[in-house]
Amino acid sequence: MDFTLTQEQEQFRRSTRSVLNTVVDTDMRQSVVRTGVAHDKRLARALADEGLLSQAAPGPDRDPVLLHLLFSEMEKAGAPYEGLAVNLLVAGVLDTVGSDMHRNLVVGPLLSGDKNVCLGYSEPEAGSDPAGMKTR
């Protein structure tokens, strides 16, 4: 198996690094530590403006290596990526199995960096264990 990146993947990596080098700074990193918020709207919009979020969003017709490259480069840069991870997860699922309404009202704003989504799991006697949830 050949693990060499394609030209498109290398270009994606270079574009990601370029955005990160421009946007990520000490203030952004310290904000995460100070506030506990692992998301930066300015970073999300910069990545979206370059088309990097829409390229990296998971889906059956997309290259999964791009998502790996996005988060690998963000990790190396010390960029807050946890919020983007949730946004891309939800965008990928809704783009694949959602309705046109989901795609227009949710996926588009998530991939443009304009909106965020939050996932929360809570169930009596299950906590954050989705496998332990029960319905009635």
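The values are calculated or read from the model by the stated rules, or taken from the named source; none is laboratory data. Just so it is clear, the model here is predicted, and its values are computed rather than measured. Heads up, the Cβs are rebuilt from the backbone with ideal geometry, glycines too, and the neighbour counts pull from every protein chain shown. Each accessible area value is taken on the protein alone, full model and side chains, heavy atoms only, with ligands, DNA and RNA left out. Shrake-Rupley method; radii C 1.70, N 1.55, O 1.52, S 1.80 Å.
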Legend entry - Helix-only CD estimate at 222 nm, as mean residue ellipticity for the chain, using -39500 (n - 2.57) per DSSP H run (n ≥ 4): -16500 deg cm²/dmol
Inset, instruction - Could you compute the FRET efficiency for ARG45 and GLU10, with r as their C-beta to C-beta distance and R0 at 22 Å, rounded to 0.05? - result: 0.35
Legend entry - Using distinct alpha-carbon pairs, which all enter the 1/r mean, Kirkwood radius of region 17-73 in Å: 12.3
Inset, instruction - Please list LEU5, LEU20 in order of solvent-accessible area, largest first, computed with a 1.4 Å probe with all protein chains present. - result: LEU5, LEU20
Legend entry - Sequence-separation-based contact order of the chain, relative, with Cα cut under 8 Å and 6+ spacing, percent: 24
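Ignoring ligands, DNA and RNA, please state the percent of accessible area on the chain from carbon and sulfur, probe 1.4 Å.
It is 53 percent, rounded to a whole number.
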Legend entry - Computed lengthening from ASP61 to SER31, 0.36 nm per intervening residue step minus Cα-Cα distance: 7.2 nm
Inset, instruction - May I ask for the longest run of the chain untouched by chymotrypsin sites (Phe, Trp or Tyr not before Pro) that are loop-located per DSSP and have at most 14 neighbouring C-beta atoms (other than their own) within 10 Å? - result: 4-120
Inset, instruction - Report, largest value first, the span of the C-alpha coordinates of the chain along each principal axis, in whole Å. - result: 51, 39, 34
Inset, instruction - Using a 1.4 angstrom probe, figure out how much accessible area the chain has per residue, in square angstrom, rounded to the nearest whole. - result: 63
